[in-house]
1. In the stretch 154-193, which residues are charged (D, E, K, R), under 35 Å from the mean Cα position of the chain (by Cα) and in a strand (DSSP E or B)?
2. When VAL204 is evaluated against the numbered criteria (1) closer than 26 Å to MET90 by Cβ; (2) hydrophobic (A, V, I, L, M, F, W, C); (3) in a strand (DSSP E or B), which criterion, by number, is the only one it fails?
3. In the stretch 74-93, which residue that is over 58 Å from the mean Cα position of the chain (by Cα) and at positive phi is most open to solvent (accessible area, probe 1.4 Å)?
4. Taking the stretch 270-314, which residues are basic (Lys, Arg) and crowded, with 19+ Cβ neighbours inside 10 Å?
5. Do we have TYR170 as within 24 Å of LYS110 (Cα to Cα) and crowded, with 19+ Cβ neighbours inside 10 Å here?
6. Search the stretch 184-204 for residues that are within 19 Å of THR255 (Cβ to Cβ) and pair each with any residue that is of a type in the set (S, T, N, Q) and open to solvent by 60 Å² or more (accessible area, probe 1.4 Å) when their beta-carbon atoms are under 9 Å apart and the residues are at least 6 apart or on different chains.
7. On the given criteria, is ASP336 under 27 Å from TYR398 (Cβ atoms), of a type in the set (Asp, Glu), touching a residue at least 24 places away in the same chain (Cβ under 8 Å) and outside any strand (DSSP E or B)?
8. Kindly provide the set of residues from the stretch 392-422 that are open to solvent by 10 Å² or more (accessible area, probe 1.4 Å), in a strand (DSSP E or B) and more than 20 Å from GLU331 (Cα to Cα), ordered by number.
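The values are calculated or read from the model by the stated rules, or taken from the named source; none is laboratory data. Since the structure is predicted, the reported quantities are computational estimates derived from the model, not experimental observations. Don't worry about glycine lacking a Cβ; one is built from the backbone with ideal geometry, like all the others, and counts go over all protein chains shown. Just the protein is used for accessible areas: all its heavy atoms, side chains included, with ligands, DNA and RNA removed. Shrake-Rupley method; radii C 1.70, N 1.55, O 1.52, S 1.80 Å.
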Amino acid sequence: MKYAPLIAIALVSLPAMLAQSPKDGSAKAPVAKEKQATRDHKPVIRPTIPLADRHEPGKVFVEYADRLEKPLGSEAQILIGNVQFRKGDMFMYCDSARFYEENSSLEAFKNVRMEQGDTLFVYGDELYYDGMTELAELRAYPGKDVRLINRDVTLTTPVFFYDMPQDVGYYMVGGTLDDRTNKLRSQQGFYYPATKDAFFYLNVELTGPEENDTLKMYTDSLTYNTETGMAQLMCETLIVSNDGNITSTSGFYDTRTGIADLYERSTVRTNRGNTLTGDTLFYDRDEGFGEAFGNMVLTDSARQSSLLGDYGYYDEFRDSAFVTGNALAMEYSKKDTLYLHGDTITAYLKYFTNDSLQSDSTKITNAYHRVRYFRNDIQGLCDSMSMVERDSILYMYYNPIVWYGDKQVVGNVIWVHMNDSACDWARLPEMGLMSQHIGEDCYNQLSATDMTVWMADSTIERLYAEGNVQTIMFPMENDSTYNKFSFTESSYMDAYFEEGDIRRLTMWPETTGKVTPLYLAKRNSYYLPKFRWYGPLRPMSPAEVFDYPDEMADLAKQNILGRMSKDALTMRGQATGKPAPKLPVSGMPNIPPQAVPSAPADSAAMANDSIPADSIAPIPADSIAPLITDSIAPGTFAMPDSTALPDSVGIPAPVELPDSLSMPVTDMPDASADPLPADNPEDAPTGGAPDDEPIIKEEEEENE
């Protein structure tokens, strides 16, 4: 080994060398060691945390990374492993990132997370942050979503944008927002974490958080507050629930309480088939209560009717309604619509105990003050009106007047029985006057204390009158002229009609009358004492039901027929030998509607103790004229719903009724009482009729 002597020399001389002091001082030896260590190890770059203000506007700071690299020629820093950035109070985390320190922009990848305090968290797979606009864009890998969580609010979308200066997050490619109350989906959405306000656009759908929740809302623009659950409607919106639905273009809907304040013409539809519309609506879904302000329309599809007015409300659970201010009720179950106006119209359910001692109810509709109505076939007016659904009777109070065709009916009270929206009988229990205009100043007239009319298809079939029956009739001559009139008085009258013409008529127990040529009569003798033609008050179109002529105001101040007192009714009943029985409020007269004969004259007797049809003999035209004697003034008679009888037809002779067939009077119901029917047939008055046939036969023999 040729190097062995050298190694031995070095080992011998090494202690001496170490013992010598350096010529340039003792500090040179450590420096040499440090230089040697530097030559033996590669340099390592470790990020340092500057002491700058972390809230410097627009500045992003790198807080931590396992490794940082900066490739030559690149402006981006490469951060790998547990990367953490900070901008103000917002922290951003990821697995790796590119950071551009000059403009504070960055690109982050995998396990991206943004946190602000302990309330706001955003999760995604990629983050692109523009330091100039301070806008963050988070993306999710296919099949996944970016998630924003703000306490109990979760927003999910494939692509999410967060504008840090405005503190608003939004999406443009479809997303969903969930809170503890609702779930909202839309094509575009904006969410402000600080105020909890959210704005949704395009195909917006709000539903309950569970699949079986019934609330659903569909619109194209909606504002929603996640803290209050209040939704603000901004365009046409449909709100659906198990109670019905709402349509509106503007307003507020509390999704937690079901209370809505709606504007710009909104509509509520209930499951009963009713709709409530108004310029402004208040609606409580849980209570089933809706209130409308301005141009209210309440429709009932089941009853095919509507209520309109300036203000009103509807209680769905109590099935009651109220409307006032140009109030109008419309009933269109038939081909012609009925228009009814009053200052106030109400409808409600009345609960009672029926004959079987079971709870029952009926719908009652009332119209108060200045009531006027129009339908093509019938028109009328009164001060107040009430309709009871259970007995299908319409009650008209305080100077009611009804017109149909060329006829007018006036009474203190009028009861009209409706059958499938058509009148099948009517009664005037407190004085009545029926008139028919036949030309110029000529009117056929009939007045009585109590009158009942049965009708079919707006055509009169039978008329029964009792108590001070008076008639004035203008018979038409063969040349279609009028040259005389007749005046007739009796206590009772019963008449049957066929196609508007009298088929049979009887008046009893005593009948008086006379015929007066027109050229010998004074003009005021043309009329009964209470007669007045109210044609100027008649509404001639639907719009005229809102008119209030001065004559109608004057009419409201007077009692046009004179109301009979109960004492007078009692005295009238005593005149027949029987006390006046109390009539059920249902209004059925003592001759029931089913007694109207549809069979020939010899058909079976009518039910109960009403007048038997076969006891009223027909009155042939050729046998009436000879009956007129000096003791019975000659005259003729025609009903208001029929054409005038030929002048050869006279009045049958007075008929004396047997006691068992005398006609009792009926007591008048209190108009102020509740119009619910009593349904007590035992209280209904009974009646009978004379047996005319032998008397007429006897009169014919005398005439021969």
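1. Of everything in the stretch 154-193, those that are charged (D, E, K, R), under 35 Å from the mean Cα position of the chain (by Cα) and in a strand (DSSP E or B) turn out to be ASP178, LYS183, ARG185.
2. Of everything listed in (1) closer than 26 Å to MET90 by Cβ; (2) hydrophobic (A, V, I, L, M, F, W, C); (3) in a strand (DSSP E or B), VAL204 misses just condition (1).
3. ASN82
4. Passing the criteria: only ARG285.
5. Judged against the criteria, TYR170 is a match.
6. The qualifying pairs are ARG185/ASN203; SER186/ASN203; TYR192/GLN166; LYS196/THR228; PHE200/GLN187; TYR201/GLN187; ASN203/GLN187; VAL204/GLN187.
7. Here the answer is yes, as ASP336 does meet what is asked.
8. Hits for the stretch 392-422 are TYR397, LYS407, VAL409.
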